[in-house]
Amino acid sequence: MTSARLWSLGVFLVALGIAASVVGWDTLLWIPRCVMSWLTWLPAAVLDAWRASPTTFGVIAVGLVLMLAARFLRR
């Protein structure tokens, strides 16, 4: 690692420590917990949609694939 990266990492850790002492770790870790919750919710919602109506989900998936194909062909 270069000295600039080590310096940046040190500054980040000092700022993180100060923020943790001011607002607490629970508050700081709330945002990553929300992100992880959202990331696990999205696949579950997709699977629920697939189970509820596979035909509708298939039509939407084909539409998304066609949109992506058009985007790649445009470039």
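Any read-out appearing in this document is the output of simple, stated calculations on the displayed coordinates, not a laboratory observation. This structure is a prediction, so every number in the text was calculated from the model and none was measured. Here the Cβ positions follow ideal geometry from the backbone for every residue, glycine too, while neighbour counts run over all protein chains shown.
The structure shown yields Cα extents along the principal axes in Å, and of the options [x] 52, 35, 17; [y] 51, 23, 15; [z] 90, 26, 7 that calculated value carries the label [x]. Among Met36, Thr56, Ile18, which residue has its Cα positioned farthest towards the positive end of the charge dipole of the chain, with +1 placed on the Cβ of Lys and Arg, -1 on the Cβ of Asp and Glu, and the dipole taken about the Cα centre? Final value for the positive-end residue is Thr56. Could you tell me how far the Cα centroid of region 1-35 sits from the Cα centroid of region 58-75, in Å? When both Cα centres are located, 40 Å separates them.
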